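Have a look at the structure below, then the notes.
The values are calculated or read from the model by the stated rules, or taken from the named source; none is laboratory data. Predicted model only: the values in this text are computed from it and were never measured. Cβ placement follows ideal geometry from the backbone for every residue including glycine, while neighbour counts extend to all protein chains displayed. Calculation scope for accessible area: heavy atoms of the full protein, side chains included, ligands and nucleic acids excluded. Shrake-Rupley method; radii C 1.70, N 1.55, O 1.52, S 1.80 Å.
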Amino acid sequence: MSSTGGNGWAAAANTHDSRARVAIDLGAESCRVSLLRWGGGRPEITLVHRIPNGPVHVDGALRWPFSGILAGLEDGLRKAAACAPEGIASIAVDGWAVDYVRLGADGKPLAEPFCYRDERNIASKEAADRLVPPEWAYRHAGAWPLRINTVYQLMADPASGIDSHAPWVNLPEYVLYRLGGRRVAEYTNATHTGLVNIATGDWSEELLERLGVPKDSVPPIVPAGSVIGKLTGPLAELAAFRDTELIVPACHDTASAIAGIQTNLDGAAYICSGTWSLVGTVIPSPITTREAMDAGFTNQGAACEGFCFHTNVNGMWILKQCLESWRKAGRGWELTELIAQAERRNDFPGTVNVDAPPLMLDEDMPSRLNEQLLASGHAAIEDRAGNEPLFARVIFESLAHRYATALRSLEKMLNNSIRRIHILGGGSLNQLLTRLTAERTGLPVEAGNVESSTVGNFAVQMAANEARGGPLRRDAVRRWARELCEKRECGEVRPEKLRTVSEAR
């Protein structure tokens, strides 16, 4: 991706540093290493390495194969160094929230990190609700009390034989720590733990004490754009990595993706569509009413000022698990072909609640979908060759329906109308889902950059370079997002150009 604009290049030149920069994006399906270089008066972003990812079952637990991820990231960083003889000024890492690494006295991981979908935190969530009423925790921390939150995982550790006093660090920050940085919690990521006092932006001593999370185990919170050290170790011996800074961007990938939006969000909503779908907007101050809690909306820190106010919707996880089930049965599909065939299947039996707890789990997803279809009063789909597009159509229709209900709730809480939607992430490539979303919501939908988290990561790095230790400026981050995004026709779909849902069926 490249930009023909010149303002950003001029700003980079004025900061007397036109070296390359690296963005690492940790994803639940793949982890990516991207390189930003300057050539011909414009920035160019190149994906230099991709590492497949996914949770694995180990001794009855669901964990992330993080040792393999780290080895793959080192390969990617070496490739980046080979591509950038001018040198690399900084490395920044974003990724999914809530999961973390516990460290031993030697600073090394005690074990591979648990995946948030592991069922061990069901009991700890129930215990937390007895100690602190969820309504109070929501008003205090702003985080919707989803059982995957870091706080419930931390509380589950003693039952897993893990010392609760062992220091921990979230996964993106852990990568930077391992590369030579300080152990920190970046603000946008920290707000996903359920342990931050939303009024102060720091750890809540009251929640830590009441829930039994030792204060000596938590890392210090720093704002997005902070420099936390310089690259050390074997990689630092490479010419490109001499004097390379380590920066925390908006470490939560959704906050990075939103930082990568090129325009303001006045009157607009975002849908970050990936393993999860996050539906919401940016607000100046948190909303922690009972209505917001009942609607499942959470308040998470944004890259600059304000809060990402959104609800978590189970996303492409459902389709991914179906694809895995069919692959094991010898019925592998390419995603693009599956979507193309799903578009022709208007005979789907109905929609399901994508947030139903069974659909959050892994394995045997077609059967789980059929159970939800039956529970909703619809016919089941025979799980046989040729019916895979029908399952996919149910998933896409159900997601679009859930997006519409989430946006109606959002409008009610904002007491304002949403006029357009930005779809970001992998789901932005799914033209069927984009069309269905426009139909169900009645709003124009703009398909944004598929790698919006990477764009936002780089935008924060560049804005931080301009600020040089001062606070990030939202206008600077947005300007860099415009500079870094590829200039192309807006992928907007307007509902008035589409058939209605009833006509489509």
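Note on region 180-305: Cα convex hull, mean projected area over all directions, 10.5 nm².
With the other protein chains left in place, how much accessible area per residue, in square angstrom, belongs to the chain at a 1.4 angstrom probe?
Numbers: 19900 Å² over 505 residues.
With all protein chains present, the chain gives 39 Å² per residue.
Over the chain, what is the relative contact order in percent, taking alpha-carbon pairs closer than 8 angstrom and at least six residues apart? Relative contact order for the chain comes out at 16 percent. Accessible area ranking (1.4 Å probe, heavy atoms, ligands and nucleic acids excluded), largest first, for Asp475, Asp362: Asp475, Asp362.
With the simple spin-label model, which puts each label point 7 Å out from Cα in the Cβ direction, the Thr232 to Lys215 separation comes to 2.8 nm.
Only lysine pairs 8 or more places apart, or on different chains, with alpha-carbon atoms under 30 angstrom apart are counted in the chain, and they number 14. Stokes-Einstein diffusion for region 345-387, with the hydrodynamic radius set to the Kirkwood value over Cα pairs and evaluated at 25 °C in a medium of 0.890 mPa s, equals 225 µm²/s.
If the convex hull of the alpha-carbon atoms of region 155-249 is projected onto planes in all directions, what is the mean projected area in square nanometres?
Values: hull surface 27.6 nm².
Quarter of the Cα hull surface area: 6.9 nm².
So for the chain: antiparallel DSSP bridges make up what percent, rounded to the nearest 5? Before the final figure, lay out each step's value.
Values: 51 of 72 bridges.
Of the beta bridges lying entirely in the chain, close to 70 percent run antiparallel.
Remark: the Ala71-Ala385 segment gains 109.3 nm on full extension, using 0.36 nm per residue and subtracting the alpha carbon distance. Between Arg50 and Ser417, the modelled labels are 4.0 nm apart [label points 7 Å from Cα along Cα→Cβ]. Two numbers describe the Cα atoms of the chain: Rg and Dmax, which are 22.1, 65 Å.
Scaling against 2.2 N^0.38 Å puts the C-alpha radius of gyration of region 18-57 at 1.48. Relative to the current alpha-carbon distance between Asn353 and Glu324, full extension at 0.36 nm per residue lengthens the span by 8.3 nm.
Compute the length gained on full extension between Glu206 and Ser376: take 0.36 nm times their separation in residues and subtract their Cα-Cα distance, giving the result in nm to one decimal.
Numbers: separation 170, 0.36 × 170 = 61.20 nm, distance 4.21 nm.
Full extension from Glu206 to Ser376 adds 57.0 nm.
Given R0 = 45 Å, the distance between the Cβ atoms of Gln431 and Glu86 translates into a calculated FRET efficiency of 0.70.
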